[in-house]
Amino acid sequence: MPAVLDLAPYAGWVYPNETIIEWSVLIAVYPYITGLVAGAFTVSSLYQVFDMHRFKPVAHLALLTSLSFMLFVPLPLLLHLGHPERALNVMLTPHLTSAMAIFGYIATFYLGLLMLEGWFAFRPYIVEQAQQRSGPLGAFYRALTLGSHDVSGNAMHYDRKWIFALAVIGIPAAHGLHGYVGFIFGSLKSREWWSSDLMPLVFLFSAIISGVALVIAIYVGSCRLRRTPVDLDCLKGLACTLWGFIMVVIVLEGLEFANIVYKAREGIEAIIQYVTGPLLIPYFIIQFAIGAATPLLILTFLIWRGITGRALVAGVTVSASLVLISVMMMRWNVVIGGQEISKTGKGLLTYQMLIWGREGAITAAVLVFAPLAVLYGLVRLFPPSERWEAREDADTQVVGAAPEIASQPA
Amino acid sequence: MEPKNKKPPSQDRREFLSGVARVAATTTAVLGGAALGALARVEAKADMPKQAVAEDSYDPSKHRWGFGVDATKCIGCLRCVEACKRENDVPQDAHHFRTWVERYVYLEGEEHARIDSQQDPVNIEASGSEREYRFANRYKGMKVEKAFFVPKLCNHCTHPACVQVCPVGATYKTADGAVLIDHDYCIGCRYCVQACPYGARFFNEEKQVTDKCTWCYHRITKGLQPACVEVCPVSARVFGDLGDRESPISLFIRNNRVQVLKPETGNAPNVFYVGIDKEVS
């Protein structure tokens, strides 16, 4: 029998079978990645659906970001399953009373939608490359055109309609995907820490801030790498979006915690002991103080004082990075935290994360950062914010697009 | 000269055809019966996991099993735990149990009970092995006001949260009330482990599937008692058919004021307790 390495030390009274923490760090990584997908898609949709043209410089990048991370969504689950070879049973014979049963369908549908929207969005570039390039890369682009080289004004207009429709469908799909992840936890009545009607909303809005923060970090990082100026109007728009949604997240999470404490049902003593003890730093300090309140204050200051230029870029990027850490901590505090409070309500356990192994810290880190490598590849193949987008605009006579130049006054 | 007893050709043909028909009918009946029988067996087997296969003659629709625990009788000898581990091939360590026994001790002057179980490191040290179990005499010299033992196991709930959440239907409720797991279909996601409010489920690392008490389904479908009931020296564990008014479990429920664990979950457990205290959950 394989050695059981993930034994959890405990204090107080816990059920004997609880002494192994069954959902590892990978299950915390899973909603984190899913949330990044939903959040990045939200940014893309702000441009595609709501015509917020200040987000144009990041719209296609956000779409590629969403797609890159979506490719990795199933991996933490597959690595966690005892029998990954039976994973398809979830789709072949779904047990429909299970909150987990339709995940396969939703995820597959959403992946298909992202790929289709991506294809329409990058079609002018694909056609251009198919016509200009030769060799294997040319063949690759020619295959991707699916035989359609028509990039006339009419065709582009038609494509825009498709992109709009897909983005409109994609918003509920992306948000449904993530709200649903929250429901997987919130619907369980076995743990007071999870059992909350607010859980899907908490997951959803924290997903949005994480995705917006990720797009900010990647956009600023890519501008530095490419030595191109950051579009400050776009960045300020992202900062305002982040600011607004952080407010919602803080309110929702505060309400959720207040509900647990105020209702003070059986087991509240253990919960209070937990949040004021082992969870003090991960929950109050990192997730709330450093990850939510600090960026909120920084962003408030930047917006209120009309800060622009390098200070704006630095402030927003720092805020975005803190939000990314905060949301990861939120996933950890829910998934691992929930299991560290015993179902008995009379004891606490300590999850000891493995470093190596299938469900260890290294695997988790690889899963979080690997999508960035895929994104790098995708951006090389389908560069966003290139001149073809300008042509796309000209063809479709979209007005009001912000030119991609630096240092616009806010 | 033609023989006298020669039958006319039409009669021969009639007999031949009639014979063919008889053979065909018999063959069809035999093969059809065999096929139907096989199908019925396949269906019956498909309803049951391999680790809990019932007798072919067993009809789950004719039973409604229930389990009783009389905590006032339990002496904490832990024979039930050891018997269960051997009977059901449960990993021989202090982290996987299909059944366990909890000890509640109220010391003089203390408001809450001190609770432990056989897996507690102090108790494991006393037994000397994770394969054998005993309760250490850890309260020796202290003033004990009240103390009792509570055997625990899967509650085979009427509305099992574990069955509700299984994404592939690998865990299911049988017609006789037992909640079972098909180890050949379980994907090992452990959602059911999280959903069970009683901590009755565990993950078997060797088989990479979830496991739990089946009320010794392989035994009860043969008319035997679950192993833990069989070995209990004080009859603290009671098992039987709730549909039979004279069964041990029916008498147990009728003659006692019973309660279930965590009724607020709505799971409607089918393990009934006598003699437990406010702190037992």
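Of note:
- Within a Gaussian network of chain A (alpha carbon springs, distance under 10 Å), most fluctuating of A:Ile281, A:Ile290, A:Ile250: A:Ile281
- Most to least packed among A:345-352, A:45-52 [average Cβ atoms within 10 Å]: A:45-52, A:345-352
- Applied to the stretch A:126-138, the Karplus parametrisation 6.51 cos²θ - 1.76 cosθ + 1.60 on θ = phi - 60° returns per-residue 3J(HN,Hα) values of 4, 5, 4, 5, 4, 7, 8, 8, 10, x, x, 5, x Hz, with x for Gly and Pro.
- Per-residue average of Cβ from other chains inside 10 Å of A:94-104: 5
- Number of partner chain Cβ atoms within 10 Å, mean per residue of B:111-121: 3
- Rounded to the nearest 20 debye, dipole of the protein assembly as shown from Cβ charges on Lys, Arg, Asp, Glu: 800 debye
- Average other protein chain Cβ within 10 Å of Cβ, residues A:82-88: 6
- Spin-label zone in the stretch B:247-275 - amide nitrogen under 18 Å from a point set 7 Å from the Cα of B:Lys146 along the C-beta vector: B:257-262, B:273-275
- The stretch A:68-183: relative contact order as a whole-number percent, Cα under 8 Å and 6+ apart: 25 percent
- Residue among A:Ala139, A:Ala167, A:Ala364 with the largest mean-square fluctuation in a Gaussian network model of chain A, springs linking Cα atoms under 10 Å: A:Ala139
- When the Cα positions of B:Gly223, A:Ile281, A:Leu349 are compared along the charge dipole of the protein assembly as shown, B:Gly223 comes out farthest toward the positive end, with charges on each C-beta of Lys, Arg, Asp and Glu.
- Cross-link pairs beyond the 20 Å C-alpha cut-off, checked among A:Lys189/B:Lys146; A:Lys343/B:Lys262; B:Lys152/B:Lys212; B:Lys85/B:Lys207; A:Lys346/B:Lys207: A:Lys189/B:Lys146; A:Lys346/B:Lys207
- Annotation for the stretch B:60-119: trypsin sites (Lys or Arg not before Pro) lying in DSSP loop with at most 16 further Cβ atoms inside 10 Å of their Cβ do not exist.
- Think of the stretch A:93-234 as a dipole: +1 on every Lys or Arg Cβ, -1 on every Asp or Glu Cβ, centred on the Cα centre; then among A:Ala217, A:Val168, A:Leu204, A:Ala217 lies furthest on the positive end.
- Computed over the stretch B:137-271, relative contact order equals 23 percent, with contacts defined as Cα pairs under 8 Å that lie 6+ residues apart.
- Estimated 222 nm signal from helices in the protein assembly as shown, with DSSP H stretches of n ≥ 4 weighted -39500 (n - 2.57), rounded to 500: -16500 deg cm²/dmol
- Annotation for the stretch A:147-238: trypsin sites (Lys or Arg not before Pro) lying in DSSP loop with at most 11 further Cβ atoms inside 10 Å of their Cβ are A:Arg227.
- Gaussian network model of chain A, springs between alpha carbon atoms under 10 Å - residue of A:Gly104, A:Gly315, A:Gly82 with greatest fluctuation: A:Gly82
- Length-normalised contact order for the stretch A:10-389 - Cα pairs under 8 Å, 6+ apart - percent: 30 percent
- Rounded to the nearest 20 debye, the dipole size of the stretch A:10-389 about its Cα centre is 720 debye, using +1 on the Cβ of Lys and Arg and -1 on the Cβ of Asp and Glu.
Each reported figure results from applying straightforward, stated rules to the coordinates on display, with no laboratory input. This one's a predicted model, so the numbers in the text were calculated from it and none came from an experiment. In this analysis, Cβ positions are derived from the backbone assuming ideal geometry, glycine residues included, and neighbour counts consider all displayed protein chains.
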